[in-house]
Amino acid sequence: MKNRRVVLITGASSGFGRATAEYLTERGYWVFGTSRHPKKLEPFDTEKWQEIIKMDVNCNESVKKGIVFVMQKAGRIDILINNAGFGLTGSIEDTSLKEARHQFETNFWGMDRTCLQIIPIMRKQGSGYIINISSLAGLVGIPFQAFYSASKFAVEGFTETLRMEVKPFGIKVVLLEPGDFNTPLTFNRQKTKEAQEKTVYWESFQKALSAAEESEIKGGSPKKIAQLIERIINTDKPKLRYKIGPSSTLVSLKAFIPARICEYLIMKTFKLL
Ligand SMILES: NC(=O)c1ccc[n+]([C@@H]2O[C@H](COP(=O)([O-])OP(=O)(O)OC[C@H]3O[C@@H](n4cnc5c(N)ncnc54)[C@H](OP(=O)(O)O)[C@@H]3O)[C@@H](O)[C@H]2O)c1
């Protein structure tokens, strides 16, 4: 156990986090995966998992406690995968400040909270990998998912900066930008309170949401993310960005095509034209 690389994955109870935890465990890594409700996982996961720890990335104390636990048990953290997150949907006008803040609390501040605890550990070690799970929605705005997109745009800016700041300490920081994949994210997505039939956005909201859901359900297996993560953590000089999944070519075009064409393609994708 002592010679294995130690991995911490936030939000490992389902989807990407779980697939990665299971895959890396099979490949011999010492994996600590977090959930806000680890008890729910115990009966069926003990075979595949080594460590499931309770952590809510919205809470400083909870993050600290989780990381202290990993350090007491493993004595180091080689790889952090900031994966915990959820989707929020509703027009901007139908989203309260409270709902928007909650989205940022998990998707952005949760990542920052975890980084703040882990960076000093990796600095002392003189090495480490931090992989922040962003999204293609962190590169283009998605209709009726403004605050999800904005939270991932924030992850993008944060990560670009962090990468430069911690480079001298041997810490490698990477953005992973998946397109649509088939995970419970689709069913865990929260609708804003005002996203109801009475809203003026109802028709287009429903069209865009069902297009998003359809594409996610048809999306690839989260195991592909796990395999890419293993490749990244075995790359000496990882790139800043790794795009994966459908639409990544389209999103890459953003830098090269006029904005109105990009907007047309996005609106077409979300059945708004
Ligand atoms: N699926 C996609 O198509 C897709 C595409 C691009 C990016 N992503 C991103 O990939 C990441 C993982 O999503 P997924 O698709 O695997 O969705 P998922 O199956 O719903 O998994 C989300 C994970 O986040 C955890 N989580 C949520 N809120 C949390 C909190 N406050 N504290 C700690 N953990 C929390 C959940 O754990 P508990 O509920 O057990 O605490 C769960 O394990 C997210 O950041 C998402 O934005 C997904």
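The rows are residues; the columns are (1) assigned to a helix (DSSP H, G or I); (2) open to solvent by 60 Å² or more (accessible area, probe 1.4 Å).
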site: ALA211; (1), (2): yes, no
site: SER215; (1), (2): yes, no
site: ARG231; (1), (2): yes, yes
site: ASN234; (1), (2): no, yes
site: LYS237; (1), (2): no, yes
site: LYS243; (1), (2): no, yes
site: THR249; (1), (2): yes, yes
site: SER252; (1), (2): yes, no
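Within segment 23-39, restricting attention to residues that are near the ligand (Cβ under 7 Å from one of its atoms) and more than 23 Å from ARG5 (Cα to Cα), the residue that is least open to solvent (accessible area, probe 1.4 Å) is HIS37. Looking across ASN132, ASN58, one residue alone is more than 18 Å from ALA208 (Cβ to Cβ) and not in a strand (DSSP E or B). It is ASN58.
Taking the criterion of being crowded, with 17+ Cβ neighbours inside 10 Å and of a type outside the set (Phe, Trp, Tyr), the only residue of segment 194-203 that qualifies is ALA195. Restricting attention to segment 230-273 and to residues that are among the β-branched types (Val, Ile, Thr) and within 24 Å of the chain's Cα centre (by Cα), the residue that is farthest from the ligand (Cβ to nearest atom) turns out to be THR235.
Give SER149, SER135 a once-over and let me know the one that is within 11 Å of the ligand (Cβ to nearest atom), in contact with a Pro (Cβ under 7 Å, 6 or more places away or on another chain) and of a type outside the set (A, V, I, L, M, F, W, C).
Numbers: SER149 fails: in contact with a Pro (Cβ under 7 Å, 6 or more places away or on another chain).
Being within 11 Å of the ligand (Cβ to nearest atom), in contact with a Pro (Cβ under 7 Å, 6 or more places away or on another chain) and of a type outside the set (A, V, I, L, M, F, W, C) holds for just one of SER149, SER135, which is SER135.
It is to be established whether one or more residues within segment 220-230 are of a type in the set (Gly, Ala, Ser) and in contact with a Ser or Thr (Cβ under 6 Å, 6 or more places away or on another chain). Yes, segment 220-230 contains a residue that is of a type in the set (Gly, Ala, Ser) and in contact with a Ser or Thr (Cβ under 6 Å, 6 or more places away or on another chain). Among the conditions (1) touching a residue at least 24 places away in the same chain (Cβ under 8 Å); (2) β-branched (Val, Ile, Thr); (3) more than 30 Å from LEU272 (Cα to Cα), THR161 misses just one, which is (1). Screening segment 115-149 for residues that are closer than 19 Å to ALA255 by Cα and in contact with a strand residue (DSSP E or B) (Cβ under 7 Å, 6 or more places away or on another chain) and picking the one that is surrounded by the fewest Cβ atoms within 10 Å (Cβ to Cβ) gives LEU139. The residues of segment 96-114 that are more than 14 Å from the ligand (Cβ to nearest atom) and open to solvent by less than 20 Å² (accessible area, probe 1.4 Å) amount to a single one, ALA100.
Could you count how many residues in segment 150-190 are among the hydroxyl-bearing types (Ser, Thr, Tyr) and surrounded by 21 or more Cβ atoms within 10 Å (Cβ to Cβ)?
Let us first name the residues in segment 150-190 that are among the hydroxyl-bearing types (Ser, Thr, Tyr), namely 151, 159, 161, 183, 186.
Next, only the ones that are surrounded by 21 or more Cβ atoms within 10 Å (Cβ to Cβ) stay: 151, 159, 183.
Total satisfying the criteria: 3.
Figure legend. Inter-residue proximity from segment 50-65: first residues within 14 Å of ASP112 (Cα to Cα) and open to solvent by 40 Å² or more (accessible area, probe 1.4 Å), second residues within 13 Å of the ligand (Cβ to nearest atom) and among the aliphatic types (A, V, I, L, M), beta-carbon distance below 8 Å, spacing 6+ or different chains. Indicated pairs: ASP56/VAL63.
The values are calculated or read from the model by the stated rules, or taken from the named source; none is laboratory data. This structure is a prediction, so every number in the text was calculated from the model and none was measured. Glycine gets a Cβ as well: all are built from the backbone with ideal geometry, and neighbour counts include every protein chain shown. Only protein heavy atoms, including side chains, enter the accessible area calculation; ligands, DNA and RNA are left aside. Shrake-Rupley method; radii C 1.70, N 1.55, O 1.52, S 1.80 Å.
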